[in-house]
Amino acid sequence: MINPKISLVIPLYNEEKSLPLLIDRLNKLISGSDITFEIVLVDDGSTDATAEICNQIAFSDERYHCIFLARNYGHQIALSAGISEASATEALMILDGDLQDPPELFFEFYNYYTEGYDVVYGIRKNRKENLLKKAAYFIFYRILKKISYIDIPLDSGDFSLISRRVADVLNKMPEESRYIRGMRSWIGFKQVGVEYERDERIAGNSKYSLSMLMKLAFNGIFNFSEIPIKFITKLGVFSVIVSLIYFVITLIRKFFYIDVPVGFTGLLFVIILFGGVQLISLGIIGEYIVRIFFQVKNRPLFIIKSRIKEKHSTQQ
Ligand code: UDP
Ligand code: MG
């Protein structure tokens, strides 16, 4: 196959139930168009039949290109692997494998691309999740917007179309703790958001556990903001001022009033409070250090076990 114009990049982790439906919808989408498509399926170390289904489709349809990662690396890394594999000459569309991001929006996104936009991202109009998760997302994105040094759009995820040159920049960014929606904003060029209804997951459960979501949220905050670490200095100044005031009050009481026994409880309170503040501060510093620690190891982001590409050759 000559180099395709468009690659659709889809990370998959234990998606055996939704994958056949996804393939159906993708086939409908790409068959009716004269654009040449390539579909890059990334099997992120699935333990169910996902890899087998990928195998089958890649051997029977040359538009499908599959890579199999050596283990489960997580959504952001799987996406990065897919982006680096994609060979599209014009643009790449990134979408989830559970059909929460409707592939049919491709043409709307592509129209913007032809008008000169380098990044077209989806903005979720409506999340069909439970109330708690919705509230958590709502608060997180607003905090992130407030404190990050780049303008990360509200309620946008990884669902997007990116031009070849944006994909090239992403491939050159070696950061280990990846937060692709933030990196995408950081790159710049002309970007536009398109509102869409985020569908419910078609089958199976979310593959993001609470701790993985927290990790992603922390990557968003600590990779794109220096406010947490600067906040420590402010906290330090504040605590010095509070303790000075307390000191002056104690002196006044000692010299001008009868000698009332002053504040054992107060003392204890202050010790515990500032003990806590110090631990939190250490934690915040630790978040930055741990990122430096993993980055300086300079390990490859992912390892590809095998791939099926063109003319049905399997490469190791
Ligand atoms: N995913 C992945 N590796 C993982 C977790 C998830 O490749 O370790 C894929 C998953 O199969 C799906 C996409 O990433 O295609 C988004 O995951 P999910 O739907 O579980 O996230 P949510 O929509 O709940 O945020
Ligand atoms: Mg999902």
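Write out the chymotrypsin sites (Phe, Trp or Tyr not before Pro) in region 1-90 meeting two conditions: DSSP loop, and at most 16 other Cβ atoms within 10 Å of their Cβ. Nothing satisfies the criteria.
Our coupling estimate for region 235-249, obtained by passing each phi through the Karplus curve with A = 6.51, B = -1.76, C = 1.60 and θ = phi - 60°, is 4, x, 4, 4, 5, 5, 4, 4, 5, 5, 4, 4, 5, 4, 4 Hz, Gly and Pro reported as x. Over all Cα atoms in the chain, the spread is summed up by Rg and Dmax: 25.1, 94 Å.
About the Cα centre of the chain, how large is the charge dipole given +1 on each Lys and Arg Cβ and -1 on each Asp and Glu Cβ? Please answer in debye to the nearest 20.
Working: 37 positive and 35 negative charges, 268 e Å.
The calculation lands at about 1280 debye.
Comparing mean-square fluctuations of L267, L170, L216 from a GNM of the chain with C-alpha springs under 10 Å, the top value falls on L267.
Hand me the chymotrypsin sites (Phe, Trp or Tyr not before Pro) from region 130-231 located in a DSSP loop with no more than 16 other Cβ atoms within 10 Å, in residue order please.
Values: sites: Y137, F138, F140, Y141, Y149, F159, Y179, W186, F189, Y196, Y208, F218, F222, F224, F231; in loops: Y149, Y179, F189, Y208, F224.
Of the chymotrypsin sites (Phe, Trp or Tyr not before Pro), the ones in loops of region 130-231 whose Cβ has at most 16 other Cβ atoms within 10 Å are Y149, F189, Y208.
Placing unit charges on the Cβ atoms of the charged side chains and taking the dipole of the chain about its Cα centre, the candidate lying farthest along the positive direction among I152, C54, P4 is I152.
Per residue, the accessible area of the chain comes to 53 Å², computed with a 1.4 Å probe over protein heavy atoms only. Amide hydrogen proximity for S306: with H placed 1.01 Å from N in the peptide plane, the residues at 5 or more positions away or on another chain lying under 5 Å are F68.
Build a GNM of the chain with springs between Cα atoms under 10 Å apart, and of L273, L282, L79 the one that fluctuates most is L273.
Diagonalise the Cα gyration tensor of region 72-114 and give the resulting equivalent ellipsoid semi-axes, square root of 5 times each eigenvalue, largest first, whole Å. Show your work: numbers first, answer last.
On the way: eigenvalues 87, 45, 8 Å².
Rounded to whole Å, the semi-axes are 21, 15, 6.
With the cut-off at under 11 Å, measuring from each backbone N in region 1-29 to a point 7 Å along the Cα-to-Cβ line of D48 picks out 13-20.
Based on the Cβ-Cβ distance of V290 and K146, what FRET efficiency does E = 1/(1 + (r/R0)^6) give at R0 = 35 Å, to the nearest 0.05? Each step should come with its number before you reach the end.
Numbers: r = 23 Å, r/R0 = 0.67.
Efficiency computed from Cβ-Cβ geometry: 0.90.
Between L154 and E104, the contour length at 0.36 nm per residue exceeds the alpha carbon distance by 15.7 nm. Here the spin labels are modelled as points 7 Å beyond Cα on the Cα-Cβ line, and at A70 and K234 they lie 4.3 nm apart. If R0 equals 51 Å, the separation of the Cβ atoms of S211 and K254 corresponds to a calculated FRET efficiency of about 0.50. Largest GNM mean-square fluctuation across T114, T250, T233, computed for the chain with C-alpha springs under 10 Å, falls on T250.
Count Lys and Arg as plus one, Asp and Glu as minus one, and take only other residues whose Cβ is under 10 Å from that of L161; the net charge is then -3. Seen from every direction in turn and averaged, the convex hull around the alpha carbons of region 160-206 projects onto 4.9 nm². A crude spin-label estimate for the pair S243 and L132, with each label 7 Å from Cα along the Cβ direction, gives 3.9 nm. Taking one quarter of the surface of the convex hull spanned by the alpha-carbon atoms of region 1-95 gives a direction-averaged projected area of 5.6 nm².
Find the Cα radius of gyration of region 29-179, compare it with 2.2 N^0.38 Å by division, and give the number to two decimals. That ratio works out to 1.12. Ordering L273, I35, V248 by Cα displacement along the dipole of the chain toward the positive end leaves V248 in first place; charges were set at the Cβ atoms of Lys, Arg (+1) and Asp, Glu (-1).
The values are calculated or read from the model by the stated rules, or taken from the named source; none is laboratory data. Worth saying up front: this structure is predicted, and the values here are computed from it rather than measured. Cβ coordinates were reconstructed from backbone atoms using ideal geometry, including for glycine residues, and neighbour counts include every protein chain displayed. Heavy atoms of the whole protein, side chains included, go into the accessibility calculation; ligands, DNA and RNA do not. Shrake-Rupley method; radii C 1.70, N 1.55, O 1.52, S 1.80 Å.
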